[in-house]
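K.L.:
Below is a structure I'd like to ask you about.
The values are calculated or read from the model by the stated rules, or taken from the named source; none is laboratory data. Only a predicted model underlies this, so the values are computations on that prediction, with no experimental measurement involved. Note that we place each Cβ from the backbone using ideal geometry, even for glycine, and neighbour counts take in every protein chain shown. Keep in mind that these areas ignore ligands, DNA and RNA; they rest on the heavy atoms of the full protein, side chains included. Shrake-Rupley method; radii C 1.70, N 1.55, O 1.52, S 1.80 Å.
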Amino acid sequence: MQARDISLYELEETFGLELVTDINFFPEWRENLPLLTDIEKSSLERVKSNYSNLSKRRPMSEEVVKMVVLSPLLDLAGFYQPSFEIETETSTEISAVDENVIVKGSIDVLVVNKRLWILVIESKSTKFDVISALPQALAYILDTPNAERPTFGLLVNGREFVFIKLVQA
């Protein structure tokens, strides 16, 4: 089965995933964050302006979303600097222990720090709801070699961003 074709229900049933809505589960996205500099704010405004300009003409493909929105954000986050590595179209495969299910796919962008998966990014065209990427991203994250540590994900379609966190118990 391809990761892009798996449903959230199938992931929950096959791999025992459980949605956590407790606000204390994901404090990383709101606690102890550095303030943005004026240059960073200006850069973010430029990304927003570029997106607005291009999306007026036609829906942006997944590749254009990566180029116009995602790449500048990865740069601003410092993910192109040492000790981070960026991998694209990384093949992944997960299988259920007691089931005859194998899920395969390719991660759009993977940010790695010393073999530790930091961030799995799944991007979509602006035509798609960003949440449509959730099952696919979760399937990829389940393949992390560091299952004892939380792994983060970013779903992006240029217009919306959703951050996710997977903790495997």
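K.L.:
Does region 96-108 include one or more residues that are more than 11 Å from the chain's Cα centre (by Cα) and under 23 Å from P72 (Cβ atoms)?
P.N.:
Yes; the residues of region 96-108 include at least one that is more than 11 Å from the chain's Cα centre (by Cα) and under 23 Å from P72 (Cβ atoms).
K.L.:
Here is a follow-up. Which residue pairs have Cβ atoms under 8 Å apart, sit 6 or more places apart or on different chains, and have a first residue in region 2-13 that is open to solvent by 60 Å² or more (accessible area, probe 1.4 Å) and a second that is of a type in the set (D, E)?
P.N.:
E12/E18
K.L.:
Here's another thing I want to ask about it. Between a residue in region 78-93 that is on the phi > 0 side of the Ramachandran plot and of a type in the set (F, W, Y) and any residue that is at pLDDT 90 or above and open to solvent by 90 Å² or more (accessible area, probe 1.4 Å), which pairs come within a Cβ distance under 6 Å, given they are 6 or more apart or on different chains?
P.N.:
none
K.L.:
Sticking with this structure for a sec: Give me the pairs, please: first residue somewhere in region 32-46 and farther than 16 Å from G78 by Cα, second residue anywhere and open to solvent by less than 70 Å² (accessible area, probe 1.4 Å) and at pLDDT 95 or above, beta-carbon distance under 8 Å, and either six or more positions apart or on two chains.
P.N.:
Listed by first residue and then by second, the contacts come to R46/P72.
K.L.:
To continue, here is another question. Out of all the residues in region 105-117, is one or more modelled with pLDDT under 90 and of a type in the set (A, V, I, L, M, F, W, C)?
P.N.:
Among the residues of region 105-117, at least one is modelled with pLDDT under 90 and of a type in the set (A, V, I, L, M, F, W, C), which makes the answer yes.
K.L.:
Which pairs do you get when a residue that is closer than 13 Å to K165 by Cα and free of Cβ contacts under 8 Å to residues at least 60 places away in the same chain, found in region 128-147, comes within reach of a residue that is among the aliphatic types (A, V, I, L, M) and open to solvent by less than 40 Å² (accessible area, probe 1.4 Å), reach meaning Cβ atoms under 6 angstrom, with the pair 6+ apart or on two chains?
P.N.:
Sorted first by the residue in region 128-147, then by its partner, the pairs are A137/V120; A137/L155; I141/V120; I141/L166.
This table checks each residue for (1) surrounded by 19 or more Cβ atoms within 10 Å (Cβ to Cβ); (2) farther than 23 Å from E18 by Cβ.
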site	(1), (2)
S52	no, yes
T88	no, yes
A96	no, no
N100	no, no
K127	no, yes
V130	yes, no
I141	yes, no
N146	no, no
P150	no, no
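K.L.:
Right, next: So is L74 open to solvent by less than 60 Å² (accessible area, probe 1.4 Å), in a helix (DSSP H, G or I) and in contact (Cβ under 8 Å) with a residue 60 or more places away in the chain or not?
P.N.:
Judged against the criteria, L74 is not a match.
K.L.:
Specify which of the listed residues (K66, K48, K41) is of a type in the set (D, E, K, R), closer than 22 Å to E160 by Cβ, part of a helix (DSSP H, G or I) and open to solvent by less than 50 Å² (accessible area, probe 1.4 Å).
P.N.:
None of the others qualify; the one that does is K66.
K.L.:
Looking only at region 14-38, which residues are surrounded by 15 or more Cβ atoms within 10 Å (Cβ to Cβ) and among the aromatic types (F, W, Y)?
P.N.:
F15, F26
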